[in-house]
1. Considering only segment 65-92, state which residues are in a strand (DSSP E or B) and without any contact (Cβ under 8 Å) to a residue 24 or more places away in the chain.
2. Restricting segment 71-119 to residues that are within 15 Å of the chain's Cα centre (by Cα), at pLDDT 75 or above and surrounded by 14 or more Cβ atoms within 10 Å (Cβ to Cβ), which is farthest from residue 45 (Cα to Cα)?
3. Mind listing whichever residues of segment 5-24 are more than 18 Å from residue 40 (Cβ to Cβ) and assigned to a loop (DSSP other than H, G, I, E, B)?
């Protein structure tokens, strides 16, 4: 199997694109190597409403690299990707105040997947 189109993506709730690349086919990056990325069209990744930097879901994405593109939030061009498929990385974090034991950790519910929109 060819892994060169796999990236690890995590949501980022600050001014910017809303997403950062935290790894690739070789595994996770060190935190100082995380990079803001632009996700264009493609499959929509779910995002949480409640967020802090230590509480964000990570997704393994099969993506098509579209090169560096201009984004309104940055002076320099940033890497852009078209998401073809995505898979949540265990454990799944929930956007709820209910106890974690009430929800499966290995997968996202249909409501979680369908109710979120790409920023």
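1. Listed by number, the residues that qualify are 67, 68.
2. 79
3. 13, 14, 15 - these are the residues of segment 5-24 that are more than 18 Å from residue 40 (Cβ to Cβ) and assigned to a loop (DSSP other than H, G, I, E, B).
The values are calculated or read from the model by the stated rules, or taken from the named source; none is laboratory data. Note that this is a predicted model, so its numbers are computed, not measured. Don't worry about glycine lacking a Cβ; one is built from the backbone with ideal geometry, like all the others, and counts go over all protein chains shown.
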